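In what follows, a single structure is set out as structure tokens and then discussed.
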Amino acid sequence: MAQSRRDFIKKAGLGIGALTILPREVFGKMGDSSSKFVAPSDQMTRGIIGVGGIGMSNLHFTSDERCRLVAVCDVDAKHLENALQKGQERFGTKLQSYTDWRDLVHDPNVDIVHIATPPHWHGLMAVESAKAGKDIFCEKPMTRTIGEGQKVVEAVNKYGRIFRLDTWFRFQDTFYGLGTTVEPLKKLVDSGLLGWPLTVRISGATGFAWKFFWTGRENLVPEPVPQELDYDMWLGPAPLKPYHPHRVHGSFRGYWDYDSGGLGDMGQHYIDPVQYFLGKDNELPVKVEVDAPQQHSDAVGIWRNITYTYADGCKIILEGEGFESQGKVPYIEGPNGKVYKGFECTIPNVMDVINELPDPEPRQVDFLNCVKNRQKFALNEENGHYSCTIVNIGSCALRLGRTLHFDPAKQMFIGDDAANLLINQPMRAPWSI
Amino acid sequence: MKKLYSILVLLALALAVHAQDRKNVQETVSDVVAAMPAQNSSDFATLMSSLSAAAPQSVADLASRLKPAGEGVKNAAVEYALQGLAYYASDPANAAVKAAVAKGFQEAESAQKDPYNKQLLASLLRMLGEYSAPQAAPALSLKEAKSLLKSGATHEKCLAACEIMQAQPAKALKTVASALKSDDRIFRNSVLSNATKLLGSTALVPLLTGKYKKLSDDAKVDVLNWFGNNKVSSVATLVNSAMEEGGPVAEAAIAAAGKIGSTSSVKSLLGNLGGPFGQQALTALKSFKGDIRKDVAEALSAKLAEGTDKSAIAGLVALASARKMKEVSPVIFSMLSSSDASLSSLAGSTLGDFVGTDDIARIGGLLGGATEPAAVVNYQNALNSALHTLSPTDKYSRITDLMKKTGNAANFYRCLAGTGTDAAVEDLAKASKAGDKSAFRYLCSIDNKNAAPYLLEAAKSASGEEAVPILSQYIELVKAYETDLDKRRLDMKEALSISDSPIIKKSALVGLMQTPTMKSFLLAGKYLSDPDKEVSYLAAKTVKAIATVTKEEINYDELVSYLRKAIPIFKSTGHADDDYAVNEIDEFLRNVKPYTPSALTAEEKRQGFEMLFDGTGLDKWQGDFEGYTPVNGSILVSAGYGATGNLYTKKEYRNFVYRFEFCFLTEGVNNGVGVRTPMGVDAAYDGMCEVQILDHDAEQYAGWLREYQVHGSVYGVIPAKRIVHKPLGEWSTEEIRVEGDRIKVTVNGQVIVDGNIRTACKGHNVAPDGSGKNPYTVDGRNHPGMFNRQGFISFCGHGSGLKIRNVRILDLGARK
């Protein structure tokens, strides 16, 4: 069993002479405990798996006194080389580099595993990280299947881990067409002034683009795998298919094996805040309907509409690019009021009303603090799994091309074997979750 | 014998039927494949129902059409059909066909040789199977778990405790009790969380409250966090007293009390506002559910009466202001006149949060009398807030009323500007013109399009740095109010010509991004090499955004070169979405096709023709590059806003053969070819002539167009033979031959003018009597330039909707 660095320090006891990393207690006794200096053992460490796209962004490729980036992993030698160079330039250190993510996950010098691979790996890596005693920072979408999400929730809970899913509009930043943070929306919805049930329209017309350029290509002509790429490891649990550059890196989103196009990539950004302001973090829709051209077996296509209905009648309607409602359409529509793009509202002086209402319940929005205090992050494995499940039941309905009914308690489709077969999809040997 | 015979007949019949089936199946499959992918669910159902009726043969037939992937192999339609069929048959509504289709997939899968196609068939076959819930992962044995609980690493202990509790839920509380004694925060929280999942929060409450006092401070923090997260209202008393414990325990208790929201906690929380965890208490109270206004007002009055605890007062005011508690307003007004400067300024800076329309007069009085700059700003904010529910015109009249009552009108300018009314623009502009700098400052903040011309004028005469804020506001107004896209672009262009500040560049680029036209693209592209990284990044975003959304055609050369320039900019910036931008550009560029430049024919080359415009650029031209833009091989004449000008050759010509092609994009297009004309004049009169380009077939000209105005006419001098134009979008050829006084116009091979201008007007290009009426020209006007010996050749713009290409000339020089 892997040993975490913290355990390692603890077990090492007083044999500190041999260690370069000193336990905090030692520093406490050595001098002024109010000193701002962060003892190395208090400084957390992080490793990133996948340094081709988001993992290399300046948003994440960071290292500071609270958390140090110590390791990177990629299956593309060029990515790895770039990351090491960037590490040298930005932090003046040589990062530990890995080509097999399992080595990073089991590196005792890594506290937090940052999963920045394509989604088909997320579930597997998150579960393995939890089993290795790591806390987890995972890019959206959380998992490619509902079943993988369930496994992540289970492992994170059983192994006592802190998990953060990386989308953030439920707790910070103005999000897309709304021109505001989600908080005033949450207050407005909670106030009941809009009435109930509500319909939320996530559409280009309300400021949310579904990015249909992330569709796949059919009739790909196989090409030789570039020397720098370990394609077999890139695929991992995904079916072995002949290599083509469009399948990997920046354009993988267009293939069902790895993601589900704009729906997969943007879905959780858009839907997660909706779950939050509807107060449905522990709920899921009971029905999903799709209006789309037939989908290909491999390449993700476009769609016109995806409509989710909750048990209480609330709806989320996704409108595909080029199929948006015309004219002025509300983002949120209730029996007693509507909210449009830019937070324009049919309720007069709505901000006055909202300002007098209590703020939403405070949430933990500092991930490193969560790791320290063992409190759940605002967007964690549980609510993250729920919002990702909405994305995934949408992609199941889209692929099958039919209306599906869902049992939120069992997290299973009702009376549809094929849909349920998509909940847990087979993994290519030797991978399993 | 007879028996054998009948068997043979049956067999033959069966074979015949089978053969017939095969043929039908092939036809069905071919029909369906040709219709793939179905565009909607009803087409899908129809197509798949016919395929499934022919299962299992249809599956075999489809599968046999799959080829190993490779150059030129197009499996997609078959793949759509196969997946469609499998998914159709997997629909519970189509259970009747499932067995036959599944059989087909089973056979096809085992018959398939290509491993990848075999894999596809296997994956589809799987979808026709039955769902069975996955087996739960084998848990640790109780013995293993217990030993791991002793010796494992932290996360293993967490697992072990979880498994033990799940195996023996009745004993789970014991595990929790012992975990609370652990000094490992990870373990404590994990056990608490998993026990809650297993037993529900209520079951844990007695244990946690019972043990609370004996816990370490760290464990108390965890338990208090847990109380808060689970909103355990029964523990309010415990939580309230925990606030007295100080340190991290008090901090956790405050947060928990806020989440639990018991009214019994309000006083304790308010009491903490001035303390070391005042910020936490404020956060808790800001989100506290329920009506706490009375408590806040009372607490504030009490603290003010004591007058000592300034931080508590500040905390209470912050809370009251955050939740806009109007009830506190009398206290705040009284604080304004406090002799304690810290109290009066606190009241002043938050006043706006407590006032309504009833307070307008009172605040107006305060503002009129204020002299301290900070107080002025406070009262302005308060007045704006008190007015904010009124209509703009009501706001304006209330403010101007207040202004009349004071000698200090300038204090009100900011509020006046805040009304955004036309009247406010006029008032402020008038005062600015009279030299009132304060009025100008607020003219620069007003949200009204009428302010824009004043700002532009001021920016033009301002010095470098001073112009920046004025232009920024100008750009904001243009962005907000100018709906004509071409005018918006020109306004941005003008702002950019006045200042080269990066602030202006960035603001204008954002404006161009929202103005997705071909010309905005060209303008934004110029900033891709800007030395300021933020500017070049915005330029990259702008060209990408415009290229992907504009409906207008963009010239291939700039389109490709600007987008390629944008790629490294996106790559080097490393924002989260920039990778996607690069991908989007790559995808976009894959679908862009270059144009073929025009070329002289062999005959033209031999004769000595020169190409004046082959599509690649206007380097042989001068004049109005706004109205004449090269786009993919053609000159697009776009008389957008302010573009009605002319395009001239760089060289002057005397005798020549001039050839070009033209095409009308919209009805009624009007342009002309100026011959032997100076620049900047009307070629029809001050040049030798203008050869009319006109869509004379358009409805708008019916009934009144004069014969000397139809296409090809030497305008006002020699009428052309009227032709019928080709449909919109189709190209026509034209040749204009000018030698001495002779002019010959040929359109689409047909000569429509062949005349002599001098004889056409009997030598009188101007009226012999020196008047403006000339009886010798068909339009009755003077044509003073008619006998020019040489001049430029031009296109004379009178609107948009024209494309010109392949412009070439044979210069005949002085030759007669």
Check the range A:185-199 and report whether any residue there is within 23 Å of the chain's Cα centre (by Cα), part of a helix (DSSP H, G or I) and either more than 10 Å from every other protein chain (Cβ to nearest Cβ) or over 30 Å from A:His296 (Cβ atoms) (or both). yes
Out of A:Leu198, A:Leu263, report the one residue that is touching a Cys at 6+ places or on another chain (Cβ under 7 Å) and either crowded, with 19+ Cβ neighbours inside 10 Å or over 30 Å from A:Thr174 (Cα atoms) (or both). A:Leu198
So which residues in the range B:325-363 are surrounded by 20 or more Cβ atoms within 10 Å (Cβ to Cβ) and not hydrophobic (A, V, I, L, M, F, W, C), if there are any at all? B:Gly348, B:Thr350, B:Gly352, B:Asp353, B:Asp359
Taking the range A:347-378 as the region of interest, how many residues are within 22 Å of A:Lys158 (Cβ to Cβ), more than 7 Å from chain B (Cβ to nearest Cβ), of a type in the set (Lys, Arg) and not in a helix (DSSP H, G or I)? 1
Is it the case that B:Ala122 is within 11 Å of chain A (Cβ to nearest Cβ) and not in a loop (DSSP other than H, G, I, E, B)? yes
From the option list B:Tyr116, B:Tyr88, single residue qualifying as surrounded by fewer than 19 Cβ atoms within 10 Å (Cβ to Cβ), assigned to a helix (DSSP H, G or I) and at the interface with another protein chain (Cβ under 9 Å from one of its Cβ atoms) is B:Tyr116
Please find, among A:Trp214, A:Trp210, the residue that is surrounded by 17 or more Cβ atoms within 10 Å (Cβ to Cβ), within 10 Å of chain B (Cβ to nearest Cβ) and assigned to a loop (DSSP other than H, G, I, E, B). A:Trp214
So, A:Pro141, is that one more than 12 Å from every other protein chain (Cβ to nearest Cβ), buried (at least 24 other Cβ atoms within 10 Å of the Cβ), modelled with pLDDT of 95 or more and over 20 Å from A:Gln364 (Cβ atoms) or not? yes
Apart from one, (1) within 55 Å of the chain's Cα centre (by Cα); (2) surrounded by 13 or more Cβ atoms within 10 Å (Cβ to Cβ) all hold for B:Lys211; the odd one out is (1)
What is the one condition in (1) within 12 Å of another protein chain (Cβ to nearest Cβ); (2) buried (at least 21 other Cβ atoms within 10 Å of the Cβ); (3) of a type in the set (Phe, Trp, Tyr) that A:Tyr243 does not satisfy? (2)
B:Pro784, sole failed condition from (1) within 27 Å of B:Tyr628 (Cβ to Cβ); (2) touching a residue at least 40 places away in the same chain (Cβ under 8 Å); (3) in a strand (DSSP E or B); (4) not β-branched (Val, Ile, Thr): (3)
Tell me which residues, restricted to the range B:527-570, are touching a Gly at 6+ places or on another chain (Cβ under 7 Å) and at pLDDT below 95. B:Glu558
Within the range B:141-157, is there a residue that is more than 10 Å from chain A (Cβ to nearest Cβ), at negative phi and of a type in the set (Val, Ile, Thr)? no
For the range B:68-85, which positions are charged (D, E, K, R) and either without any contact (Cβ under 8 Å) to a residue 24 or more places away in the chain or more than 9 Å from every other protein chain (Cβ to nearest Cβ) (or both)? B:Glu71, B:Lys74
Taking the range B:172-186 on its own, how many of its residues are surrounded by fewer than 21 Cβ atoms within 10 Å (Cβ to Cβ) and either within 12 Å of chain A (Cβ to nearest Cβ) or at pLDDT below 95 (or both)? 4
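Yes/no per residue for (1) in contact (Cβ under 8 Å) with a residue 60 or more places away in the chain; (2) under 15 Å from B:Asn189 (Cα atoms); (3) hydroxyl-bearing (Ser, Thr, Tyr):
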position	(1), (2), (3)
B:Ala136	no, no, no
B:Ala139	no, no, no
B:Leu142	no, no, no
B:Ser151	no, no, yes
B:Thr154	no, yes, yes
B:Lys157	no, yes, no
B:Met165	no, yes, no
B:Gln168	no, no, no
B:Val176	no, yes, no
Give me the helices (runs of 4 or more DSSP H) completely within the range A:1-107, filtered to those with at least 3 residues that are at pLDDT below 95 and either surrounded by fewer than 21 Cβ atoms within 10 Å (Cβ to Cβ) or within 14 Å of chain B (Cβ to nearest Cβ) (or both), ordered by residue number. A:5-12, A:24-30, A:77-91
Being within 12 Å of chain A (Cβ to nearest Cβ), of a type outside the set (A, V, I, L, M) and assigned to a helix (DSSP H, G or I) is the filter here, so list the residues in the range B:218-246 that pass it. B:Asp218, B:Asp222, B:Asn225, B:Trp226, B:Gly228, B:Asn229
When the residues of the range B:382-419 are narrowed to those that are buried (at least 22 other Cβ atoms within 10 Å of the Cβ) and polar (S, T, N, Q), which ends up nearest to A:Met351 (Cα to Cα)? B:Thr419
Return the residue satisfying two criteria in turn: it lies in the range A:221-240 and is hydrophobic (A, V, I, L, M, F, W, C) and free of Cβ contacts under 8 Å to residues at least 40 places away in the same chain, and of such residues it is nearest to the other protein chains (Cβ to nearest Cβ). A:Val221
Can you name every residue in the range A:405-427 that is under 16 Å from A:Leu124 (Cα atoms) and more than 10 Å from chain B (Cβ to nearest Cβ)? A:Met427
In the range B:382-405, is there at least one residue being over 29 Å from B:Lys324 (Cα atoms) and either not β-branched (Val, Ile, Thr) or not in a helix (DSSP H, G or I) (or both)? yes
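The values are calculated or read from the model by the stated rules, or taken from the named source; none is laboratory data. Model, not experiment: these values are computed from the prediction. Here the Cβ is made from the backbone with ideal geometry for all residues, glycine too, and neighbour counts use every protein chain on show.
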